[in-house]
Amino acid sequence: MTASALIISAPGSGHGKTLITAGLAQALLDQGKKVVVFKMGPDYLDPMFIRQATGLDVRQLDYWMLKPEEIAAELGRAAASADHVLIEGVMGLFDGRFSVASLAREFGIPVVVAADASGMAQTFGALMQGLANYDPQVNVAAVLANRVGSANHGAMLEESVRPPLRYLGWVERDEALVVPERHLGIHTDARQICIDTTRAMAAKLQPCLDKLPWQPLQVDASALQCPLSETRPLQGRRIAIARDAAFSFLYPANVDLLRRAGAEVCFFSPLADEPVPECDSLYLPGGYPELHLQALSDNRRSAESVRAHIVSGKPCLAECGGMLYLQTSLAAGEQTGTMLGLLPGEAVVGKRLARLGYQGLDGTTLRGHTFHYAALSDLPGVANASFQDGREGEPIYRLHNTLASFVHWYFASDPLRIVEWLQGHFSGVDN
């Protein structure tokens, strides 16, 4: 099977790429198609929306966290298992050092530009023409007008688009197509909101499906074999992962890598007060623990089992929200919750962004990113990550055989190091 592929991009952020990508995926699923969705960049929230709306795991394509040949391998695996591959871009088509255009150029994937057309008429066509002509090696094949005021408005927009650009159609401005809050953890009915909004968008996009400029995805999946698939260094090891609304920032590719390395992966929910399953290693990913302070404070069975695992000296990797769970306390707004007390200190989630950006571990190829609003009381680290420009990044903390930081690591950037960490050997961190 060789899938056909398409990139959904935009002139910038805020044009509705995520909902349009989710709507297209749902419309294709409704036709019985096998669909794989990717998101460019390290973001968790857009993939969370698409997953909650469609049930599809969304994988990352990121030129900083992954080498080009590893991106090719990801696309190759998708091409071998799906009918269609949808890729949601990040920011605007040509924005950033690792732009959406660079992916389109390298793999010959056609681009659909989805643009918020509210407040525009003929300028819409000029804007689309400019994007199409900016780089002749990037195939901007079609455009979609979003948030259109009326049928007359849609017709004006269509007249402004010049061939060979394909005008797919328009989606009207509609309250049913508005996601009320990007911070998905705020809504107890978040999943139903995602589903309802996406199904409404899928219905609007149905007439566009036959016009989509699909191209076969020509990628050799054998170009890169996971180095762990043959050696399987985690064979016989069981790795428990916290996964629920409080610990939801989990790259599907990280779980896949652990399995390809031979590990048996199991999940548990601290919010449901589930104990850590019998395991050799523990992984506490990030998420929204600050939105679930009462439950995490009250759920002692789960907390005691995490504490017992760590105090026993078994390996644990904790990232961002997972690390906050290990603090003495966690405060957000007027609420404070008692956490595990393993990392001494208090964590406070504020209203201002504390850290944002790609980070890596010096002397290694391990890479990840940070995005958080939290601050810790003074706590000495054993090492520091570094930003792309060399500035000192997030501290890395160690307790027994637990390694913790604010960095969300992308395991495939340095798979052997992650294997070592989950075995309790902290190369790159220990002096």
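Computed from the coordinates by the stated procedures, all read-outs in this text should not be read as laboratory data. Worth saying up front: this structure is predicted, and the values here are computed from it rather than measured. Because the Cβ atoms are built from the backbone with ideal geometry, glycine has one as well, and the counts that use them run over all protein chains shown.
If the label point is 7 Å along Cα→Cβ of Arg259, which residues in segment 397-430 have backbone nitrogen under 17 Å from it?
So the set is 411-412.
For Cα pairs less than 8 Å apart in space and 6+ apart in sequence, what is the mean separation divided by the residue count of the chain, i.e. the relative contact order in percent?
Across the chain, relative contact order equals 13 percent.
Taking the Cα centre of segment 1-129 as origin, sum charge times position over the Cβ atoms of Lys and Arg (+1) and Asp and Glu (-1), and report the length of that vector in debye to the nearest 20.
Roughly 120 debye for segment 1-129.
Note down the magnitude of the dipole of the chain about its Cα centre, charges +1 on Lys and Arg C-beta and -1 on Asp and Glu C-beta and zero elsewhere, to the nearest 20 debye.
Result for the chain is approximately 380 debye, rounded to the nearest 20.
What are the extents of the Cα atoms of the chain along their three principal axes, listed from largest to smallest and rounded to whole Å?
Computed over the chain, the largest-to-smallest principal extents equal 68, 49, 42 Å.
Gap in Å between the Cα centre of segment 16-63 and the Cα centre of segment 283-312?
Centre-to-centre distance over Cα atoms comes out at 29 Å.
Across segment 390-404, in residue order, what do the Karplus-derived ³J(HN,Hα) couplings come to in whole Hz, using 6.51 cos²θ - 1.76 cosθ + 1.60 with θ = phi - 60° and x for Gly and Pro?
Whole-Hz 3J(HN,Hα) from phi for segment 390-404: x, 4, 5, x, 5, x, 10, 10, 9, 9, 6, 10, 10, 10, 9.
Would you mind calculating the gained length between Glu420 and Ala80 on full extension (0.36 nm times residue separation, minus the Cα-Cα distance), in nm to one decimal?
119.3 nm
Highest GNM mean-square fluctuation, the chain, Cα pairs closer than 10 Å: which of Gly368, Gly149, Gly76?
Of Gly368, Gly149, Gly76, the most mobile in the Gaussian network model is Gly149.
Arrange Met40, Met65, Met339 by Cβ neighbour counts within 10 Å, fewest through most, would you?
Met339, Met40, Met65
So which residue, out of Glu319, Glu278, Glu88, gets the largest mean-square fluctuation from a GNM of the chain using Cα contacts under 10 Å as springs?
Among Glu319, Glu278, Glu88, the largest GNM mean-square fluctuation belongs to Glu278.
Counting only residues 5 or more places away or on other chains, whose amide H sits under 5 Å from the amide H of Ala5 once H atoms are built in the peptide plane?
The answer is Val85, Gln215, Leu217.
Taking H placed 1.01 Å from N in the peptide plane, check which residues at least 5 places from Ser329 or on another chain put their amide H under 5 Å from its amide H.
Met339, Gly345, Ala347
Segment 130-158 to segment 352-431: how many Å between their Cα centroids?
42 Å
Through the Karplus equation 6.51 cos²θ - 1.76 cosθ + 1.60, θ set to phi - 60°, convert the phi angles of segment 278-289 into ³J(HN,Hα) values in whole Hz; use x for Gly and Pro.
Coupling constants for segment 278-289: 4, 7, 9, 9, 10, 10, 10, x, x, x, 10, x Hz.
Taking +1 at the Cβ of each Lys and Arg and -1 at the Cβ of each Asp and Glu, which of Ala73, Gly286, Leu353 sits farthest along the dipole of the chain towards its positive end, judged by Cα position relative to the Cα centre?
Of the candidates, Ala73 comes out farthest on the positive side.
Given the options Ser329, Ser150, Ser413, state which has the largest fluctuation in a GNM of the chain using a 10 Å cut-off (strictly under) for Cα springs.
Ser150
Pulled fully out, how much extra length does the chain show between Ser13 and Arg391, if you take 0.36 nm times their separation in residues and subtract their Cα-Cα distance?
133.4 nm
Work out the charge dipole of segment 17-122 with +1 on the Cβ of Lys and Arg and -1 on the Cβ of Asp and Glu about the Cα centre, then indicate which of Met91, Ala115, Gln26 is farthest towards its positive end.
Gln26
Kindly write out, for segment 98-103 in residue order, the coupling ³J(HN,Hα) from the Karplus curve 6.51 cos²θ - 1.76 cosθ + 1.60 (θ = phi - 60°), rounded to whole Hz, with x marking Gly and Pro.
Along segment 98-103, the couplings run 10, 7, 4, 4, 5, 5 Hz.
Does a label point 7 Å from the Cα of Ala176, set along Cα-to-beta-carbon, have any residues of segment 132-153 with amide nitrogen under 20 Å, and which are they?
Residues 145-153 fall inside that zone.
Counting only C-alpha contacts under 8 Å and six or more residues apart, can you give the relative contact order of segment 4-216 as a whole percent?
28 percent
Tell me which residues come under 5 Å, amide H to amide H, from Gly393 once H is placed; ignore anything under 5 positions away on its chain.
Ala385, Ser386, Phe387
Count the lysine pairs in segment 4-216 whose Cα atoms sit under 20 Å apart, keeping only pairs 8 or more residues apart in sequence or on different chains.
The result is 7.
Please give me, ordered by residue number, the trypsin sites (Lys or Arg not before Pro) of segment 326-431 that lie in loop per DSSP and have at most 12 other Cβ atoms within 10 Å.
Counting only loop positions with at most 12 other Cβ atoms within 10 Å, the trypsin sites (Lys or Arg not before Pro) in segment 326-431 are Lys351, Arg352, Arg391.
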